[in-house]
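Q: Have a look at this one.
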Amino acid sequence: MAEPVNYNDRVLIVGKTQSGKTELARHLFLSMNGAQRFAIDPKGLLDLGVEPVRNPLAIDWEAPITHYIPSVQDRHEYEELYDLLWGHRGPPMLVWLDEAMGPTMAGYGPRSMNLAVRQGAAMRFGHYACSQRPQNIAMQLRTEAEHIFVFVPPIHHRDLDELAREMLISTPDLTERLRALHESEGDFAFLWYCRATNEITEFAPLDLGGGALAPAELEEELELEEELEEELEEELEREGGAPVGGPGGPG
Ligand SMILES: Nc1ncnc2c1ncn2[C@@H]1O[C@H](COP(=O)(O)OP(=O)(O)OP(=O)(O)O)[C@@H](O)[C@H]1O
Ligand SMILES: [Mg+2]
């Protein structure tokens with residue numbers, strides 16, 4: 001079994017636009033209750049249930065969840081922001097960068113982000129990043145990631161090259177796995193690569209209504225169980241008895 005995602009892990013989530021990256025990142029981010037959480041939202045589109053902050057001076061360092069919308073969006077702003085985040089010595093910290101292309105690019109990442117991504121786990125600092133173009137982001141976000149999530153459908157092969165190298169499979173293999181997964185599970189399905197165990201697990205779309213993350217096979221098994229239960233209930237109804245606690249019981 002792949003190791004679970006921890007707050008102090010480095011996570012990379014990749015996929016085409018509208019493929020489900022943000023929803024998965026939000027699910028992981030919001031489930032890390034033990035850590036102080038800080039979302040950097042370059043697009044300004046997230047809804048995290050807290051009032052967004054747009055200025056480093058306005059950050060409340062006691063807040064359990066911060067939603068930061070960058071205002072200038074230049075290098076200076078991201079350098080300053082990551083200096084503050086990395087320099088902040090408090091409770092465990094999880095930073096989620098919802099779009100890594102822009103704040104970082106091939107060959108550049110804010111200095112403190114690079115440090116945090118390289119040394120963060122031991123310093124109780126986690127970093128989750130999303131991107132449509134893994135080739136055009138700071139290399140550390142790929143090479144240091146303990147967990148890589150790749151959404152269907154396959155993205156450009158030049159970007160998959162970089163990911164396939166990290167996932168220790170060939171680009172054609174990765175492309176084919178994504179294509180087949182898309183065909184069987186539809187939009188919003190994804191692959192999860194866990195570096196510690198070197199495993200790639202297929203996932204059916206996340207249930208946005210809640211519920212835990214379940215691998216594709218597991219979900220199929222659960223569906224099968226539900227079908228069996230329904231069949232049983234129908235049988236009981238035909239025999240005249242109502243299932244205990246079921247709808248239509250004594251009320
Ligand atoms: N598992 C899912 N089931 C149903 N709808 C989903 C699922 N995941 C995402 N969506 C919906 O699809 C749309 C795109 O999702 P999301 O914002 O997560 O994509 P994205 O990959 O982050 O896109 P972008 O690259 O534009 O930021 C949203 O409206 C979202 O609610
Ligand atoms: Mg997004």
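The values are calculated or read from the model by the stated rules, or taken from the named source; none is laboratory data. This structure is a prediction, so every number in the text was calculated from the model and none was measured. Here the Cβ is made from the backbone with ideal geometry for all residues, glycine too, and neighbour counts use every protein chain on show.
Q: Do we have any residue at all in segment 70-86 that's at pLDDT 95 or above and within 16 Å of ligand 2 (Cβ to nearest atom)?
A: yes
Q: Still on this structure, I have one more. Taking Ala189 and the conditions (1) more than 16 Å from ligand 2 (Cβ to nearest atom); (2) surrounded by fewer than 22 Cβ atoms within 10 Å (Cβ to Cβ); (3) over 30 Å from Leu85 (Cα atoms), which numbered condition does it fall short on, given that it satisfies the others?
A: (2)
Q: Right, next: Can you tell me which residue within segment 1-39, out of those that are under 22 Å from Glu62 (Cα atoms) and in a strand (DSSP E or B), is farthest from ligand 1 (Cβ to nearest atom)?
A: Checking each candidate, the answer is Gln36.
Q: Run down Pro103, Pro92, Pro56, Pro110 and say which single residue is assigned by TED's automatic domain parsing to the domain that holds Trp192, touching an Asp or Glu at 6+ places or on another chain (Cβ under 6 Å) and within 27 Å of Val150 (Cα to Cα).
A: Pro110
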